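All remarks here apply to the structure that follows.
The values are calculated or read from the model by the stated rules, or taken from the named source; none is laboratory data. Computed from a predicted model, the values in this text were never measured in an experiment. Glycine also receives a Cβ, built like all others from the backbone with ideal geometry; neighbour counts cover every protein chain displayed.
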Amino acid sequence: MYITALTIGIALTAAALYQPAKPLPAPSAHIAHQVGLAGDKSTLLPADVAAILERPELRSATIGLYAINLKTGLQIIKYNSNRACMPASNQKLLTAAAGLQLLGPDFTWKTDISQNGTTLHITFDGDPLLTRAQLTSAIAAAKDKLTGQISQIAIDDTRIQGDPLGIAWQWDDIGAGFSAPVGAATIDKNVVKVTVTPPASVTNPPRFDVADGILSIRANTTISEAGQTNTAAPEAAGRLTITRNPLRPEVEITGALVAGGKPVTSMVAVDNPTDAAFRIVSSILRESGIPTDPNVQYVRRPRGAADILLTTIASKPLSQTLPDFLKPSDNLYGELLLRTIGRLDAGAATPAAGIKRLQAWMASNGIPTSGVQPADGSGLSMWNTTTAESTVALLKTMAANKDFRDALPVGGIDGTLKARFPALNHKGKVQAKTGTLSVASCLSGYAVTGTGETIVFSILMNHFDRKAGSAAARRAQDDIVRYLLSL
């Protein structure tokens, strides 16, 4: 079974990831002829953009393009704009927009800490940004209110429901930090730190640590002296692979260590968020000096009427945390937000309930739904589909919403666009959401031209040449956006 691995020791810089685009080639007679005789009377494809689509790595791709002038509504590009495509993380645009309007910008997640006798009760709300540090501070602040020794930790994780993994997520991503399991009891984004410390000499074993003992460890490593060459595989010296087994709560560590070397750390997804929360809370109690039974028990149950509320951890308002969702493209945030939308008006906190509300929100705002089939809140699912025209309609609907616009990555400045559009005349002019899967690469958002006009655009690319990879698709997207900026 193949597991996507994190290989330690390879550093990719932003400069290496970003390749300046080549000058736009002139459109060939073939493309110009094809554009004019395609039979789609609604196609509007400028020659510069047509030339980009002629690139060999894009010839067999499924592509949807749509761009309009925000103020006048004038169409600038219209190419397969109603074709259903996988949006990848462009799916987050829909989740964020609907969440902001349905829940409201002042919405907060609330984590309650209460006590009933010797039981400490934590009611988790699905706060995607709740941290161990916040829990530690809250428990320490409530220390004087606690009575007696804690013999039981009760976890209420009923505020978020449904499967912990989304439908049609790629199986070989399970265990990776970006596809962490979903649950109400989310702490530190449901990832855990794994540390491998090489021994001082080859005669001693290395040390393996997983924070709070959340996952077990299976290791198969070799140790060599500093400067010693592995003749069989010299490039493997000092290189480790750290993954989480997708079938059980276990970290698998393989590779080579150098004696006396520096510790190696990696973040992997937890297996069970609720179980991880119990272990974390148990550790916090002991670290805070709160009397705790050495064999403290763990139960799952909702908060009862007899539980006495000690304190509440409230998240920042949704409008302030939305940048933490869209700028880094946080998948777990998207899944928790989708389920939170689902529980509106006492509804079920499930993906299905959230998706129904997304679809209703689109319809109520006049956003085309043909070809749009949400399957999750993050874009990890291979079953998500949308169209460029629908995406532009969504962006147009949200164009005046400052909270939404400010949450998007900004070209050359931050988020997933930090290394893109770095030129001085382009820097800060693009606000857009990226999206990447193995077979999809997308970019949708706003571009401000030199004359101050705002262009709303959506570029959806699926099934491009696998050998060229998503980097080639991103270069094409950047060239299309640069064309828009030049208008």
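Out of curiosity, is ASP465 part of a loop (DSSP other than H, G, I, E, B), touching a residue at least 12 places away in the same chain (Cβ under 8 Å) and farther than 21 Å from LEU326 by Cβ?
Details: part of a loop (DSSP other than H, G, I, E, B): yes; touching a residue at least 12 places away in the same chain (Cβ under 8 Å): yes; farther than 21 Å from LEU326 by Cβ: yes.
Judged against the criteria, ASP465 is a match.
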- Note on the structure: A careful count of residues in the range 107-137 that are part of a loop (DSSP other than H, G, I, E, B) and either among the hydroxyl-bearing types (Ser, Thr, Tyr) or modelled with pLDDT under 95 (or both) gives 4
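With respect to THR274, is the statement that it is among the β-branched types (Val, Ile, Thr), modelled with pLDDT of 95 or more, in a strand (DSSP E or B) and within 30 Å of THR147 (Cβ to Cβ) true?
Working: among the β-branched types (Val, Ile, Thr): yes; modelled with pLDDT of 95 or more: yes; in a strand (DSSP E or B): no; within 30 Å of THR147 (Cβ to Cβ): yes.
Against the criterion (among the β-branched types (Val, Ile, Thr), modelled with pLDDT of 95 or more, in a strand (DSSP E or B) and within 30 Å of THR147 (Cβ to Cβ)), THR274 does not qualify.
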- Message: If the requirement is being touching an Asp or Glu at 6+ places or on another chain (Cβ under 7 Å) and of a type in the set (D, E, K, R), which of these qualifies: LYS92, LYS110?
- Response: LYS110
- Item | Test set (1) free of Cβ contacts under 8 Å to residues at least 60 places away in the same chain; (2) buried (at least 20 other Cβ atoms within 10 Å of the Cβ); (3) among the small types (Gly, Ala, Ser) - GLY175 fails condition number | (1)
- Note on the structure: Of those in the range 178-203 that are surrounded by fewer than 19 Cβ atoms within 10 Å (Cβ to Cβ) and in contact with a Pro (Cβ under 9 Å, 6 or more places away or on another chain), the residue farthest from PRO351 (Cα to Cα) is PRO199
- Message: If I filter the range 466-487 down to residues being in contact with a Ser or Thr (Cβ under 7 Å, 6 or more places away or on another chain) and over 16 Å from ALA67 (Cα atoms), which single residue comes out as modelled with the lowest pLDDT?
- Response: SER470
- Which condition number in (1) modelled with pLDDT of 95 or more; (2) assigned to a loop (DSSP other than H, G, I, E, B); (3) within 25 Å of the chain's Cα centre (by Cα) is the one that LYS71 fails? (3)
- Can we say VAL281 is β-branched (Val, Ile, Thr), more than 19 Å from ALA184 (Cα to Cα) and touching a strand residue (DSSP E or B) at 6+ places or on another chain (Cβ under 8 Å)? no
- Task: Could you list, in sequence order, all residues of the range 447-482 that are within 17 Å of GLY428 (Cα to Cα) and surrounded by 21 or more Cβ atoms within 10 Å (Cβ to Cβ)?
- Result: ALA447, ILE455, VAL456, PHE457, GLN477, ASP478, ILE480, VAL481
- Query: Counting residues that are out of contact with any Pro (no Cβ under 9 Å at 6 or more places or on another chain) and surrounded by fewer than 20 Cβ atoms within 10 Å (Cβ to Cβ), which helices (runs of 4 or more DSSP H) fully inside the range 319-438 reach at least 2?
  - Reply: 351-364, 388-397, 402-407
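Conditions (1) of a type in the set (Gly, Ala, Ser); (2) in the same structural domain as THR186 (by TED's automatic domain parsing); (3) in contact with a Gly (Cβ under 9 Å, 6 or more places away or on another chain); (4) modelled with pLDDT of 95 or more, marked per residue:
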| site | (1), (2), (3), (4) |
| --- | --- |
| ALA233 | yes, yes, no, no |
| ILE242 | no, yes, yes, no |
| ASN245 | no, yes, yes, no |
| ARG248 | no, yes, no, no |
| LEU257 | no, yes, yes, no |
| GLY261 | yes, yes, yes, no |
- Query: For the range 342-395, how many residues are among the basic types (Lys, Arg) and either at pLDDT below 95 or farther than 30 Å from GLY183 by Cβ (or both)?
  - Reply: 0
- Are any of the residues in the range 442-458 free of Cβ contacts under 8 Å to residues at least 40 places away in the same chain and out of contact with any Ser or Thr (no Cβ under 9 Å at 6 or more places or on another chain)? yes
- Read through the list (1) farther than 17 Å from SER378 by Cβ; (2) modelled with pLDDT of 95 or more; (3) of a type outside the set (Ser, Thr, Tyr), then give the number of the only condition that GLY99 fails. (1)
- Message: Looking at ILE284, ILE290, ILE280 in this structure, which one is of a type in the set (A, V, I, L, M), surrounded by fewer than 19 Cβ atoms within 10 Å (Cβ to Cβ) and in the same structural domain as THR118 (by TED's automatic domain parsing)?
- Response: ILE290
